[in-house]
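Quick notes on the structure that follows.
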Amino acid sequence: MEWWTTSFDTVQQWLFEAVVQPLMFAAGLASFLEDGYRATGWLLVGILQLLVIVCLFAPLQRWRPVEPLADRAAVRTDIVYTLLHRLGLFRLCLFFAIDPLWDSVFGRLRVGGMHTFQLDSVWPGVTDGPWASLLLYLVAFDLLDYWIHRGQHRFEWWWRLHALHHSQRQMTMWSDNRNHLLDDVLRDSLIVVAAQLIGVAPGQFVAIVAITQLSESFQHANLRLWFGRVGERLWISPRFHRMHHAIAQAQSHRSARGSNFGVLLPCWDMLFGTANFERRFGPTGLRDQVEPGPDGRVRDYGQGFWAQQWRGLLRLAGRA
């Protein structure tokens, strides 16, 4: 891990000094250089992820696609979502809008005597090693992500936002970040609060986010692949997650059914009774996209980024 950290830091320093820092000086943002350096790290992680997606996942999709691409415009919209998130633009907005609030809250709590709990200190000499602590925090955040995902499907108001993610009927390696921005803000806020409470180091937090995002891009790929009887129970495959997006699933908050809510590890679905290991690669999307409602029409989730965001707000307000 040390060689990787050193190499990453070297490239981050070069990218900051050669590109980001001059731009910040030109924009009059010299007082935010420290934050700019941190943002450069997220930018670099995003660039590396995009390289993996394009150079590895794309050939795999062409090798064993589940279905031919029928709606390239929808895929292009998903690419916009991916670039917005992976290149740090969404996180930059959080930095100006949300992060100062959480920094203020936890700053006051620490002044008041609250001390951060270090999860990796539960077994000194074992869990505080770099690889062991990374694995420990990865598992902890994956469990949190599982329950956040359950909440997105369970609560009606949250589902009205999260339904956008399930409205993609042409799933590809770009589909993971198709979310309503309010949905992303809610999820990221919960993750940030958890990170503050359990004391994950900033470098490890970046690594956890990168691993999770890259795995999710792979899971959403238009790829006819499963990991075998044993592997399917160790890490979530494209088949396992596609079952979660299947149009036949009861994805509404009104139903107690639904399966495969896990983000990285299928063990949570196995433990809490929501795992479905059927070897099927069915069509994806939402039932109300193909079955007319009482008014005789199917639901429109919007075409294009801004239309999808606007219709999500209308659903949240009960007007769509």
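The values are calculated or read from the model by the stated rules, or taken from the named source; none is laboratory data. Not measured: the values here are computed from a predicted model. Ideal geometry is used to build each Cβ from the backbone, glycine not excepted, and the neighbour counts take in all protein chains shown. What goes into the accessible areas is simple: the full protein's heavy atoms, side chains included, and nothing from ligands, DNA or RNA. Shrake-Rupley method; radii C 1.70, N 1.55, O 1.52, S 1.80 Å.
A few notes on this one:
- By accessible area, using a 1.4 Å probe on protein heavy atoms only, the stretch 1-75 has 67% of its surface on carbon and sulfur.
- Residue-level accessible surface for residue 20, protein heavy atoms, 1.4 Å, Å²: 30
- Neighbour net charge for residue 213 - beta-carbon separation under 11 angstrom, K R +1, D E -1: -1
- The candidate values were (i) 166; (ii) 129; (iii) 151; the one computed from these coordinates for volume of the Cα convex hull per residue in Å³ carries the label (i).
- A DSSP coil position with no more than 14 other Cβ atoms inside 10 Å describes the following GluC sites (Glu not before Pro) in the stretch 191-295: 278.
- Ranking 35, 184 by solvent-accessible area of protein heavy atoms (1.4 Å probe, all protein chains present), from largest to smallest, gives 35, 184.
- Element breakdown for the stretch 131-208 at a 1.4 angstrom probe: carbon and sulfur atoms account for 72% of the accessible area.
- Accessible area per residue for the chain, computed on protein heavy atoms with a 1.4 Å probe, is 52 Å².
- List 67, 17, ordered by accessible area with a 1.4 Å probe, largest first: 17, 67
- Estimated at 0.36 nm per residue, the fully extended path between residue 18 and residue 154 surpasses their Cα-Cα distance by 44.3 nm.
- Estimated 222 nm signal from helices in the chain, with DSSP H stretches of n ≥ 4 weighted -39500 (n - 2.57), rounded to 500: -18000 deg cm²/dmol
- Counting charges near residue 315 (Lys, Arg +1; Asp, Glu -1) among other residues having Cβ under 9 Å from its Cβ returns a value of +4.
- Per-residue accessible area (protein heavy atoms, 1.4 Å probe) orders 178, 154 as 154, 178, starting from the largest.
- Here the spin labels are modelled as points 7 Å beyond Cα on the Cα-Cβ line, and at residue 226 and residue 271 they lie 2.4 nm apart.
- Residue-level accessible surface for residue 305, protein heavy atoms, 1.4 Å, Å²: 30
- Using a probe of 1.4 Å, the accessible surface attributed to residue 270 totals some 90 Å² when neighbouring protein chains are kept in position.
- Here the chain is treated with +1 on each Lys and Arg Cβ and -1 on each Asp and Glu Cβ, and its dipole about the Cα centre works out to around 1280 debye.
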